[in-house]
Each structure stands twice: as structure tokens, then as C-alpha cells.
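Heads up, the thing below is written out as C-alpha cells.
The values are calculated or read from the model by the stated rules, or taken from the named source; none is laboratory data. Since this is a predicted model, take the numbers as computed values, not measurements. We place every Cβ from the backbone using ideal geometry, glycine too, and count neighbours over all the protein chains shown. All accessible areas refer to the heavy atoms of the entire protein, side chains included, with ligands and DNA or RNA removed. Shrake-Rupley method; radii C 1.70, N 1.55, O 1.52, S 1.80 Å.
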Amino acid sequence: MSQVKEELAAQPSMLVRTEEIQQQIQQISGRDLQLWSIGILVILVLTGGMLAFVLPNLVWTQRIIHIDQTYLPQLFFGLVSLVLLFNIYLLGQKLTLNATRKALIRELVLNERLESLSLIDPLTQLLNRRAMNELIPREVSRANRLGSSLSFMTIDLNGFRAINSQFGNVEGDTALAEFAKILKAVFRGGDVVFRQGGDEFLVAMPDTGEEQVDYPIQRLQQAVENWNLTSKRDYELSFAWGIASYSTGSDLADVLRAADRKLYQKKHKLVPVF
């Protein structure tokens, strides 16, 4: 948790790049429409001018304007040439915009695939620490904007090293995966569950005050007890937790450290010091 501030201030992520690509695609669409509007306007103006010269009686009387018939072919072909040149220019711009749009869409699709892969922990299928650094600031911004509650729960799997030592790393991975399934089943869809690393997990609970966290803790304890009764494993799962709530204007890193401190106190049965 001590590295949270530095990680949150890291360089722009793929999520930011995705938003930039979407904005660029929207800008290209606007420019595309602008080009077509200009093209249509120029064609209308040139067509009107050509008709005025070819059929002057439709616009002016013979007493006001006289056109030498010998110049009509040159005027006609001149106007046609202008229209053709302008359409060639529009076509070139259109092809350039289409090529740029396709390149941006390809980058967007690839970026979203990479983003999806890079934010998911492959073992537990939970969001990983990188996703935590991406999404938690958004939840904090939302809480600040709406003035809503936001609580964090850090969770540590008890006896994980003993499981690894006694039953092997494969069984240790299985224990982590099973515990992750329990976490996903217990918490609401609006809650966000992360694996920070090893046997450490973090749950962000929007619209939840610290006094409201007892209910999900009870559900999690009951779910773990049920797993222990039905899993037929040679070990049992248990966990320690710490809870801290974010308040508007407070420092996120301090809130997460407070949750870590409470977890440590529970895990080692220490008396809280305030």
C-alpha cells in the first residue's frame, strides 16, 4: 500500500489511451461531415454560376448582360474542370480520413484486448493491482463529486503459507482460486474486488459506510464456513480483514493504510492504538 501514491501518479494508461482514440474518431467523423458539406456547397455554387452563364434569360434579361457565344465552351469546360479538381481533392481527403479511422479503430480494438488481459489476474480471474490503480481513483472522484460513501476492505487469507508448505503450490493456487470465487459470489455487483498480490485482496464498496460493512462480512464468513464443510479438503479457509472509509478530501493512501493497519491488528490480535 505504501506505493499507492506513486503508482496512481504513473504515466497515462491504456484506458486513457482508449479514451483519446475514441475522441479522435469522433473528431474525424466531424471533419468527414464538414468536407461533405463544403463539397455540396461548392458544387451548388458552381452549378448556379454555370447555369447563369449558359442560360442568362433565367437570371438576367438580355438588356443587362450579353455573353459572347464563343466563350461558352471555355466557361463550361472551366467550370467542369473546377468541379472535377475539387472532387478529386475531396476524394483524397476522404480516403485519408478513412485510412486514419481504420488505423484508430484497429488500435482501439487491440488496446481494449490488451487492457482486458492486463487488468485481470489469470489465477483468480479478479481484477489485479494495475486495475486497482486505474479504477479506485475513479471511485474516489465519484464519491467526491456526489458526496457519497465509499469503504475499503482489505482481506488476507490466513494460513496460506502453511497450505503451500504442506500441500504444495498447486493446492495453494487452488485455495486462492476458490477463495476468489467466494468473494465474487458474496459481494454486490457494484462492489469491486481486486487481488493485490499473494493472498491479499481489496474490496472497494461504493455507497457503503463503515457501519454498513458488517452485513457483507457476515455473508463472507458464512460462505467460507459452508466451503469448509463441503470442500472435502484437508485444510480449512479463514481470513482476516480491515475496514476503512473514505471521506471527501481525505488522502486515499492514508485510508488504505488505515485498512491495512486494522487487518494487521486483527490478524495478530493486537489492541488497536488510536
Taking only protein heavy atoms into account and a 1.4 Å probe, give the accessible area per residue of segment 168-248 in Å².
48
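How do Val80, Val140 stack up against each other in accessible area, from largest to smallest, with a 1.4 angstrom probe? Numbers along the way, then the final one.
Working: Val80 50, Val140 20 Å².
Putting Val80, Val140 in descending order of accessible area: Val80, Val140.
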Proximal lysines relative to Lys94, as straight alpha-carbon distance under 18 Å, when same-chain residues fewer than 8 apart are discounted
Lys102
Taking Lys232 as the anchor, which lysines have their alpha carbon closer than 18 Å to its alpha carbon, excluding any fewer than eight residues away along the same chain?
Lys181
How far apart, in nm, are the 7 Å Cα→Cβ label points at Gln27 and Thr100?
0.8
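Calculated FRET efficiency, Lys266 and Trp36, Cβ-Cβ r, R0 51 Å, to nearest 0.05?
On the way: r = 65 Å, r/R0 = 1.28.
With R0 = 51 Å, the Cβ-Cβ based efficiency is 0.20.
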